[in-house]
Structure formats: structure tokens, C-alpha cells
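In what follows, a single structure is set out as C-alpha cells and then discussed.
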Amino acid sequence: MSALEAVDLVRTYRLDGVSVDALRGVTLTVEPGEFAAILGPSGSGKSTLMHLLGCLDRPTSGVLRVGGVEVAGLSDAELAELRNRTIGFVFQSFHLLARTSALENVALPLVYRGVPRAERLARARAALESVGLGHRLDHRPSQMSGGEQQRVAIARALVGEPEVLLADEPTGNLDTRNGSEVMRILTSLNEERGVAVVLVTHEPEIAAHARRQIHVRDGLIEADTRS
Amino acid sequence: MRRREAFLIALEALRVNRMRSGLTMLGVIIGVLSVVILVSVGTGAKDTIEREISGLGSNIILVVAGRLNVAAAPTQGRLTLEDAAYVGRVVGDPSRVTVSLQSGETVRVGQAEQFATVVGTDHNLPNVFDRPLDKGRHLSETDVDTRRRVAILGAEVADRLFGDVDPIGRQVSIAGARFRVVGVYATVGATFGVARDQEVHVPVTTAQRLFGLPRLNGIAVGASGPDEVEPLQRRIVSALEQRHPGEPFSAVTQTQLLGTIGTVIDMLTGVLAAIAGIALLVGGVGVSNIMLVSVRERTREIGLRKALGARQRDVLTQFLIEAVLLTTIGGIIGILLGVGGSLAIGAFTPVPTSITWWSIALAFCVSAAVGVFFGVAPARRAGRLDPVVALRAE
Ligand SMILES: Nc1ncnc2c1ncn2[C@@H]1O[C@H](COP(=O)(O)OP(=O)(O)O)[C@@H](O)[C@H]1O
Ligand SMILES: [Mg+2]
């Protein structure tokens, strides 16, 4: 069974009577443990695709299955639970809660899963240690570098032990050194834990870390190559 | 997500935004504070007046000529000493009927002088009113019958004119006539704004001659028990109206006086509390406003929470609890400040205050309700936010 299975996904935005076809029929399968990069110029529909794959949004048409479950039949609450259990997100701009410690930030997904506090914090601590931030537990986002903040975000994506990690331009706000550190962590997560990673980027050097490159242009898949 | 978690998240969000939280609470704090203080001042005033009226004595009926008007000073009516004697026969016990004729006069002792309310009354006064003596004696029947120039001084008059000297047996001059002091009343305080310690009592017959007034201001009757008060009141009025056909007479009992004044004060307190309640509502509108701003500002946070698995309900609950926490914490602070303020007013100003538990309970419940009522709209908006839109917001 595939981790993610998209068949002919279409997403059309309507804004003030103008409609934008962000995705025009994307068919794509991501297997468990895979490491894929979605490549394409800005505005090609990469983020839209990632939001659909992550069940943050619903397609205008087409079918999406997550872990074999057809998403269209799920309520918003069921979708929220599906996200919580099977998908981890990493965003370009980190999206950490300000004035909240790294530990609490990382523990947040477990709050919505109803995990007791002590267990939550223990798992958050372990996740932070696995990204090399065992010494930054009580730091707030404003007290950390961009690279550290993104690693906190990765720890947060990991803490719920998802099957798929979706990363939208995770290195976009980082310098080269921090960027490659983040890529090193994502690679080792994929290799050691077997988490499927779907990485969105417009930089070929970053995409080169993945074994599979999916090229998107104007809302369509242009090429899908494995190295 | 469990309730406790939602509660902790909301509390944390308030802590993180504590500046804004404090300012938002301010409206609620001021509203609750005003409600508590105004109600306690109103209740204090009512308690004081009730205590004063009860302090007069028990089961008292006051009879005057004409239509009764609580607000106006007693007018010199048609009542005479003969009417008082007649009322004594109606009551069946003349010793429970006393009279009053008042005039403001200057009382002198040597160089010292003091303005006092000179009251012409009789020997039955202590049978009707609680008027304990500090020294000397009350008026006697002979004092009244023979128009003696004797006087009993209120505590304050005695103190001002004689200081530490014992006034008994000494002379005072009232409206140019010399009187001998035979008694001094104990301190009783004010009733109804009437400073009873500034009174001087003289025989009513002496007063009528001195002031040149043949009439009385009023007759007071002491009923033998609480059950007798109202029937006796009706009997006295109809007997007087039969005696003087075509002329109205009125009688008011202590209970009626208490009731009327209590109602008036309750109404005033109610109006003031309602105004303060409006302040509380305005505070609620402020909460609603700031919660909406807060939802907008925290759009990204909401999107993130949803991406991480928060359901619409979880976000709604969080924001609703935030609103209710804001107003109840504000309410508790307001109550504490209101109680403190009331105690301070009671201790450091002449205004009496009395803190009532119901006003505190009401203020608390209303502030919680304000939180629910004004928190629902912003919380729903937060819950409905589309996670993608929220995450893209920068
Ligand atoms: N909420 C939206 N409303 C309208 N148009 C949108 C919205 N989100 C994205 N778009 C449009 O859809 C297209 C694809 O956007 P996006 O998926 O963000 O591309 P990428 O991530 O590859 O830069 C763009 O033309 C963008 O302007
Ligand atoms: Mg994008």
C-alpha cells in the first residue's frame, strides 16, 4: 500500500471571479520510506500540491488516498486526526509558536493526540535530542538561530512518528551551512527511521539529496525521474 | 483534546500576550469594581437608615395633619393638644401618646451659644421613643401642666455649652427665656439626617407660649405590639377625620417608613448598578473586539495548530476559554478591588458601606457570561479559519 496516492488532482482557486488553475491534473504515488523532491519554478503549484498531499486542503477534483484511505470521504475532524497521526510538516518559515519553549513547541502535535503531559515532554525531549538540540530545550524561537529553529520544526514534525514528512522549501530561509545541516538531518531520518520524505524546492542542489525528482511546471508533472 | 489541555493552552496564550490580556481585562475590572462598590454603598446607606429608624423605638406611629410627604419638613398642622388627648382616648392608653412642636433656636450659656432644634414635648416621650438619659430626669407631668421652664439637653448641645461641667441645675437661655437644665440625653446619633443630639426638649406647653404657636407638628403613638400597629393606625386616622370633617390626616408607621425608604434606596442602587452593568457590557464589547484582533494576529498560529492536528472544535474551545478566562480573571480582580474599595470607603469616609455576597456572586457570573457571549463570535471565526490560508498569511 502506498503512503500517498494522488490520481488526477486538480486545484482551482477562485479569487474575485478570476480562477487560477494551480494544479491541472497531477497523478503521483509516494511509497513508504521514499525520499522524493518536488522541483519547479515559483508559482508552478508546488505548495498547492503539498497542501493537498498533507490534507490541509481539498482538491477541486481528483482522488487522494493517504495510507490507503480515501480522503474525500472524511470529515474535517477526521482529516485533522489523519494529519496528526500520519503527516509531519516542515515549513519554509518554521512556524514555531513565539514566546514558547522549544520543548513545548515540539510537544504540540501530541497535545492534539491526547498524550499525557509527562509522556509528551519525554517524547519531545527525545525528538529534540535526535536533531542535535538536546541543549536548547527551554530556549524560545527568538533565542535561536534560523537553522536551530528549523531543526526544532523538524523535531516537531517527527515527534508524532508520522509515515510521511512534507517539507515545503525547508532551506529557503537558511544560509548554505544551515541548509545542508537541515538536509543532512532529513536524509538520515529517511535512512534510519524509514520516514517517507517529500521535499519541495526550487533549488536543484537541494533536490539532489533525494533519490527521486518530480518536476512540476504550470500545475502539471513534467518529469518524474529516479536516480 | 481534553478540557484540561484546552484550559492550559488558553492560559498559556493569555500569559504569552499578557500586556494585551491586562488591557482587555481593564474594562471588565472597572465594570465589576463599580457594581460591587455601588451596591455596597447603596446597601450601606439602606442599612444605616434602617438602623436609625429602628433605633427610634418599636411599633411607632407618627400622626400629622394633611397629606404626608416624606420629603417635606413637617408643617405646622391643625393638630392641637386636645387632639392629642383625644387620640389618647382612641388608643385607650394616654401614656402611649406623645406630642412634638419644633423650632430652631439659639441656646446660650454666658458667652457660649449653640443652635439647636428646640422640641416641645411631654412626659410620655420615653414611653414611645427609645431616648435614654445620660444624667438627670425626663420631663414630668407637672412640668407640662404648670408650663415649667425646664429643659433636657441633647448630648452634643450639653457638650458644646458646658464641656466638662455638669449642666444639671444650671441655667440656659432659649429664645431670650431662662430655662433650668433637668436632664441630659445619652448620645443617639442622627436619624434620617436629623441630628438628635442637637435637640433640646422642653415641655410642650412652655414651647407653645414661648414660640407663640398654638398647634403641634405631630403626635406619636406607641402601639403595644407589632400586630396592633396597622389597625391602630387606621383607627387613629379615621377618628381624627371624623373629629375634623373635611380635613385630611395621615399616619405613618415605622415599618412603612422603612419600606418606602428601602424601596427608594433599592431603586437608586438598582439604577446605579445597572449603569455599572452597562460599563461591564462595554468591557465585554472590548473583549470581543480584542479577541477578533487577536484571532487575526494569530492567524498563523491557528493555521499551524490545525496543520498539527487541531480540529475546528479544539481551536474554538481554546479561544472561547481564553475569552471566558479574560473576563472571569478580570471579574475576580474587579471583585477584590471592589471589596477593598468598599472597605476603604467605609473606613476612611463618612459614607457607610455594606458588602453583599449576592452582588459579588452576580458580578462574577455576569463577567463569566460576558466572556461566553462576547467570546463566541471571535472563537467561531478562529475555528473556521482555513489552515492553508492561515499558513500562507505572513
Ligand atoms: N489562496 C490562493 N488563492 C488564489 N491563488 C492562489 C492561492 N494560492 C496559490 N495561488 C496561486 O496558485 C499558483 C500556485 O501557487 P503555489 O502552489 O504557491 O506555487 P509554488 O509553491 O510552486 O510557488 C500561483 O499562481 C499562485 O498565485
Ligand atoms: Mg511555495
> Remind me, what semi-axes does the stretch A:147-227 give for its equivalent ellipsoid, largest first in whole Å, using sqrt of 5 times each Cα gyration tensor eigenvalue?
Replying inline: 21, 15, 12
> ³J(HN,Hα) across the stretch A:173-185 via Karplus (A = 6.51, B = -1.76, C = 1.60, θ = phi - 60°), whole Hz, x for Gly/Pro?
Replying inline: 9, 10, 6, 4, 5, 5, x, 6, 5, 4, 5, 4, 5
> Measuring from label point to label point, each 7 Å out along Cα→Cβ, what is the A:GLU70 to B:GLU82 span in nm?
Replying inline: 11.1 nm
> Under 16 Å Cα-Cα from B:LYS46, which aspartates and glutamates qualify once same-chain neighbours fewer than 8 residues away are excluded?
Replying inline: B:ASP266
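Calculate, in nm to one decimal, what B:LEU11 and B:ALA195 gain on full extension: separation in residues at 0.36 nm each, minus their alpha carbon distance. Could you put the intermediate results ahead of the total?
Working: separation 184, 0.36 × 184 = 66.24 nm, distance 5.53 nm.
Length difference between fully extended and current span is 60.7 nm.
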>> Quick check: the angle from helix B:312-348's long axis to the longest principal axis of chain B, C-alpha only, nearest 10 degrees?
In response: 30 degrees
> Using a probe radius of 1.4 Å on protein heavy atoms only, what is the accessible area buried between chains A and B, both sides summed, to the nearest 100 Å²?
Replying inline: 2300 Å²
> Under the Kirkwood approximation for Rh and a Cα-based Rg, what ratio Rg/Rh is obtained for the protein assembly as shown?
Replying inline: 1.37
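What area, in nm² and to one decimal, does the C-alpha convex hull of the stretch B:60-222 cast on average over all directions? Mind dumping the intermediate values first?
Details: hull surface 35.8 nm².
The directionally averaged projection comes out at 9.0 nm².
Would you mind giving the mean number of other chain beta-carbons within 10 Å of the Cβ of each residue in A:152-159, as a whole number?
Numbers: counts 0, 1, 0, 0, 2, 2, 0, 1.
Across A:152-159, the average partner-chain Cβ count within 10 Å equals 1.
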> Calculated from DSSP H runs of 4 or more alone, at -39500 (n - 2.57) each and per residue, what is the 222 nm mean residue ellipticity of chain A, nearest 500?
Replying inline: -10500 deg cm²/dmol
> Can you tell me the Rg and the Dmax, both Å, for the Cα atoms in the stretch A:99-206?
Replying inline: 13.5, 42
> Roughly how many whole Å is it from the C-alpha centroid of the stretch B:309-373 to that of the stretch A:56-77?
Replying inline: 45 Å
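Students often check this: by mean Cβ neighbours within 10 Å, which of B:38-47, B:55-64 ranks highest, and how do the rest follow? Kindly include the intermediate steps, with their values, before the conclusion.
Numbers: B:38-47: 21.8, B:55-64: 20.2.
Top of the packing list down: B:38-47, B:55-64.
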> Under a GNM of chain A (C-alpha, springs under 10 Å), which listed residue has the highest mean-square fluctuation: A:LEU96, A:LEU186, A:LEU166?
Replying inline: A:LEU96
>> No solvent, one uniform scatterer per C-alpha: report log10 I(q)/I(0) for the stretch A:19-139 via the Debye equation at q = 0.15, 0.16 1/Å, two decimals.
In response: -0.87, -0.96
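If you take each beta carbon of peptide B:309-315 and count the beta carbons of other chains within 10 angstrom, what is the mean? It would help to have the intermediate numbers written out before the result.
Numbers: counts 15, 7, 9, 4, 3, 4, 1.
Taking the mean over all residues of the peptide, I get 6.
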>> Once you place label points 7 Å from the Cα toward the Cβ at B:LEU23 and B:GLN242, how far apart are they in nm?
In response: 7.7 nm
> Given H placed 1.01 Å from N in the peptide plane, which residues other than close sequence neighbours of A:ILE221 have an amide H under 5 Å from its amide H?
Replying inline: A:THR27
>> Below 11 angstrom from the Cβ of B:GLY262, what's the summed charge of the other residues (Lys, Arg +1; Asp, Glu -1)?
In response: -2
> Counting partner chain Cβ atoms within 10 Å of every residue's Cβ in B:298-307, what's the average?
Replying inline: 5
> In the stretch B:60-222, with Lys and Arg counted as +1 and Asp and Glu as -1 at Cβ, which of these residues, B:HIS138, B:GLN208, B:VAL64, has the Cα nearest the positive end of the dipole, that is, farthest along it?
Replying inline: B:GLN208
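Kindly give the semi-axes, whole Å and largest first, of the ellipsoid equivalent to the stretch B:179-311, taking each as the square root of 5 times a Cα gyration tensor eigenvalue. Can you show the working numbers first?
On the way: eigenvalues 867, 94, 40 Å².
Each semi-axis is the square root of five times an eigenvalue, giving 66, 22, 14 Å.
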> Roughly how many nanometres apart are two label points built 7 Å out from the Cα toward the Cβ at B:ILE168 and B:ASP47?
Replying inline: 3.7 nm
> How large is the helix-only mean residue ellipticity at 222 nm for chain B, computed as the sum of -39500 (n - 2.57) over DSSP H runs with n ≥ 4, divided by its residue count, in deg cm²/dmol to the nearest 500?
Replying inline: -19500 deg cm²/dmol
>> Please list, in order along the stretch B:7-21, the HN-Hα scalar couplings obtained from phi with the Karplus expression 6.51 cos²θ - 1.76 cosθ + 1.60 (θ = phi - 60°), rounded to whole Hz, x for Gly and Pro.
In response: 4, 5, 4, 5, 4, 4, 5, 5, 5, 4, 9, 5, 4, 5, 4
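Based on the mean of other Cβ atoms within 10 Å per residue, sort peptides B:106-112, B:384-390, B:304-310 so the most packed one is first. Can you show the working numbers first?
Values: B:106-112: 13.7, B:384-390: 17.9, B:304-310: 25.6.
Top to bottom by mean Cβ count within 10 Å: B:304-310, B:384-390, B:106-112.
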> With θ set to phi - 60° and the Karplus curve 6.51 cos²θ - 1.76 cosθ + 1.60, what are the ³J(HN,Hα) couplings of the stretch A:141-154 in order, to the nearest whole Hz, using x for Gly and Pro?
Replying inline: x, 5, 9, 10, 6, x, x, 5, 4, 5, 5, 4, 4, 5
>> Treating only the Cβ of Lys, Arg, Asp and Glu as charged (+1, +1, -1, -1), what charge dipole size does chain A show about its Cα centre? Round to the nearest 20 debye.
In response: 540 debye
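The values are calculated or read from the model by the stated rules, or taken from the named source; none is laboratory data. Nothing here was measured: the structure is a model prediction, and the numbers come from that model. Using ideal geometry, Cβ is built from the backbone for each residue, glycine included, and neighbour counts are taken over all protein chains shown. Each accessible area value is taken on the protein alone, full model and side chains, heavy atoms only, with ligands, DNA and RNA left out. Shrake-Rupley method; radii C 1.70, N 1.55, O 1.52, S 1.80 Å.
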